[in-house]
There are 2 protein chains.
Amino acid sequence: MKSRPPRLFVESPLKAGAIVQLTPAQAHYLGNVMRAGTGGRAALFNGRDGEWSAVIESIGKKTGLLRPAAQTREQEPEPENGIWLAFAPVKKTASRFIVEKATELGVTLLMPVLTARTQGRGINTERLRANAVEAAEQCGRLTVPRIVPPAALADLPGQWPAARRLLFLDESGKGAPIAEVLASMKTTMKGKTIQIGVLSGPEGGFSAAELDWLGKLPFSTATDLGRRILRAETAAIAALACCQALVGDWT
Amino acid sequence: MKSRPPRLFVESPLKAGAIVQLTPAQAHYLGNVMRAGTGGRAALFNGRDGEWSAVIESIGKKTGLLRPAAQTREQEPEPENGIWLAFAPVKKTASRFIVEKATELGVTLLMPVLTARTQGRGINTERLRANAVEAAEQCGRLTVPRIVPPAALADLPGQWPAARRLLFLDESGKGAPIAEVLASMKTTMKGKTIQIGVLSGPEGGFSAAELDWLGKLPFSTATDLGRRILRAETAAIAALACCQALVGDWT
């Protein structure tokens, strides 16, 4: 197997003649973990200028300078039908997992949502962003999903576009099977852009009052993932996979 | 929220009049972690006798005796259309994750498969089994998926029933989209039991020779999960979710 060059997300502009300075963590990764040296190559992207093959001009323990040499991929805008994920944060590892897998699965916006049973209210958006960057580097995306600040569930309607259908994962058994929900959207929206978001609950699920309230939102659909009790992160990822497979960019 | 009683998988028979002895780990979990005491309740299942509500007769640091009091659920046989997962083992945490999520997603058989690029050849089937037991306890299943001993990829055909379609996850872009594969199976198999298995590759994917060989098996279908590079465990779980949603027990 020909291994791919290390791939890094940077903030600076990427163009011929530019010089990109690495963060200490990136320099450590490139020099110490990947053992790349001066004259070596890395792939860079910044979410705006496509992907560039860059030459390592210098690399130290905590510093590194790279020179973008050639654009290898053109930037593509985030697709209009990019999937969103609103999720009740769970324990640290599980939240990390949700962000990482959602990024791999092409989610374009992540929204932590505080519910009655949400644990870990001290949500570290910076850490979630770092998880998303790492996953974007690994999976070949040209973008990093946007992570918006945590919102209370009650404030969700104010932040949710009316045209974007919200599939909330309802463990009570009252939701429609996810394949049915997505197939029916496909029929209704024939020829139009399908905009969709998943809302996954906390460990222990949404409260009865929350489910009731969610069910009454004009843009929501109660969605069912079978009779086994899924962990919060399993439910989120499973639902996103079904969305990509049935109405997203795996089709 | 009314919390569920602790739920434990045991090997002993469950019936009125029986006494069930806990393992030291179970006694620790029940007594120290869940803080259950004598006279308290736990739910027990063994994969054969349904689920029982049991009374704690005694509980110590490393020992515990429970008395099954009433059957709360009848045993259901594993469904004929239960999904199988053959997977190239990955690093410890990721393999654990695959087994845990596959169990939650209702997989009935797990088969570690050694490929050219498989890491972690020292596969601990006992540990994987423990992961599966824990996930089965948590998700409310009445069974624990079977975990068969690791097999070389070349030996897979000898162990794979000809009637069970093998969806191998092909990152080369030559596979058909998973929703298409499953929809076409549904049409072809109309009225018959759909038996399906997913085969997920190692980090770095299958080799070109392996993909070629897999594509020629009479029971296999090259299956695609889009253009982003998914981690091995993400691909496995995403594919299983699609199978349950489209032809499995979420329908």
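The values are calculated or read from the model by the stated rules, or taken from the named source; none is laboratory data. From a predicted model like this one, the values you see are computed outputs, not experimental measurements. Virtual Cβ from ideal backbone geometry, glycine too; neighbours counted across all protein chains shown.
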query: Does the stretch A:130-139 include one or more residues that are acidic (Asp, Glu) and either touching a helix residue (DSSP H, G or I) at 6+ places or on another chain (Cβ under 9 Å) or in the same structural domain as residue A:45 (by TED's automatic domain parsing) (or both)?
result: yes
query: Being among the hydroxyl-bearing types (Ser, Thr, Tyr), over 17 Å from residue B:238 (Cα atoms), within 12 Å of another protein chain (Cβ to nearest Cβ) and surrounded by fewer than 23 Cβ atoms within 10 Å (Cβ to Cβ), is that true of even one residue in the stretch A:190-197?
result: no
Some residue of the stretch B:74-97 being basic (Lys, Arg) and part of a helix (DSSP H, G or I): yes
message: If I ask for residues that are surrounded by fewer than 16 Cβ atoms within 10 Å (Cβ to Cβ) and either among the aliphatic types (A, V, I, L, M) or within 14 Å of another protein chain (Cβ to nearest Cβ) (or both), which ones from the stretch B:204-219 would you list?
response: B:208, B:209, B:217
- prompt: Out of all the residues in the stretch A:239-251, which are within 7 Å of chain B (Cβ to nearest Cβ) and either polar (S, T, N, Q) or in contact (Cβ under 8 Å) with a residue 40 or more places away in the chain (or both)?
  reply: A:241, A:242, A:244, A:246, A:249, A:251
message: Among the residues of the stretch A:50-62, what is the count of those that are modelled with pLDDT of 95 or more and either more than 20 Å from residue A:107 (Cα to Cα) or touching a helix residue (DSSP H, G or I) at 6+ places or on another chain (Cβ under 6 Å) (or both)?
response: 8
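Looking at this structure, is residue A:178 within 11 Å of chain B (Cβ to nearest Cβ), closer than 26 Å to residue B:179 by Cα and in contact (Cβ under 8 Å) with a residue 40 or more places away in the chain?
yes
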field: Filter result for the condition that a residue is closer than 17 Å to residue A:90 by Cβ, touching a strand residue (DSSP E or B) at 6+ places or on another chain (Cβ under 8 Å) and within 14 Å of chain B (Cβ to nearest Cβ), over A:151, A:132
entry: A:132
- line: Filtering the stretch B:73-100 for residues that are surrounded by 15 or more Cβ atoms within 10 Å (Cβ to Cβ) and more than 17 Å from residue B:124 (Cβ to Cβ) leaves a count of 8
field: Subset of the stretch A:104-129 [facing chain B (nearest Cβ under 9 Å) and modelled with pLDDT of 95 or more]
entry: A:104, A:105, A:106
